[in-house]
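Below is one structure; the comments refer to it alone.
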Amino acid sequence: MSAGSSEGEVLAQELESVGSKLLALEARITEVEAIIKRLEAAAETTARALDEVASHWDAVYRAMRRPE
């Protein structure tokens, strides 16, 4: 605490600093939540695509096993 600052002023400054950090953290959490949603959507798309590829390979293997 500096000589010219009262205890209340110092506390107010510290609270303002903490408040700013909380606001920044909330903004980052919101960004992370949006990223998570996009990653989940991408994972679902990837899973569907892999399932489709697997079904095509299954068809290829079945065709290869058929007697000609």
**OP:** Answer with a single label: of (i) 1.21; (ii) 2.65; (iii) 1.11, which was calculated as Cα Rg over 2.2 N^0.38 Å from the structure in view?
**Re:** (ii)
**OP:** For n ≥ 4 DSSP H runs only, could you compute -39500 (n - 2.57) per run for the chain, divide by its residues and tell me the 222 nm figure to the nearest 500?
**Re:** -33000 deg cm²/dmol
Original post:
Which whole-number value in Å² is the accessible area per residue of region 24-68, probe 1.4 Å?
Top reply: 96
**OP:** For the chain, give the percent of accessible area contributed by carbon and sulfur heavy atoms, probe 1.4 Å, rounded to a whole number.
**Re:** 61
**OP:** Assign unit charges at the C-beta atoms only (+1 for Lys and Arg, -1 for Asp and Glu), then state the dipole size of the chain relative to its Cα centre in Debye, rounded to the nearest 20.
**Re:** 660
Original post:
To the nearest 10 Å², what's residue 20's accessible area with a 1.4 Å probe?
Top reply: 70
Subject >> In nm, spacing of pseudo-spin labels at residue 50 and residue 22 (7 Å Cα→C-beta vector) >> reply: 4.2
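The values are calculated or read from the model by the stated rules, or taken from the named source; none is laboratory data. All values reported here derive from a predicted model rather than from experimental measurement. For neighbour counting, all protein chains shown are included, and Cβ atoms are generated from backbone atoms with ideal geometry for every residue, glycine included. Surface areas here come from the heavy atoms of the whole protein model, side chains and all, with no ligands, DNA or RNA. Shrake-Rupley method; radii C 1.70, N 1.55, O 1.52, S 1.80 Å.
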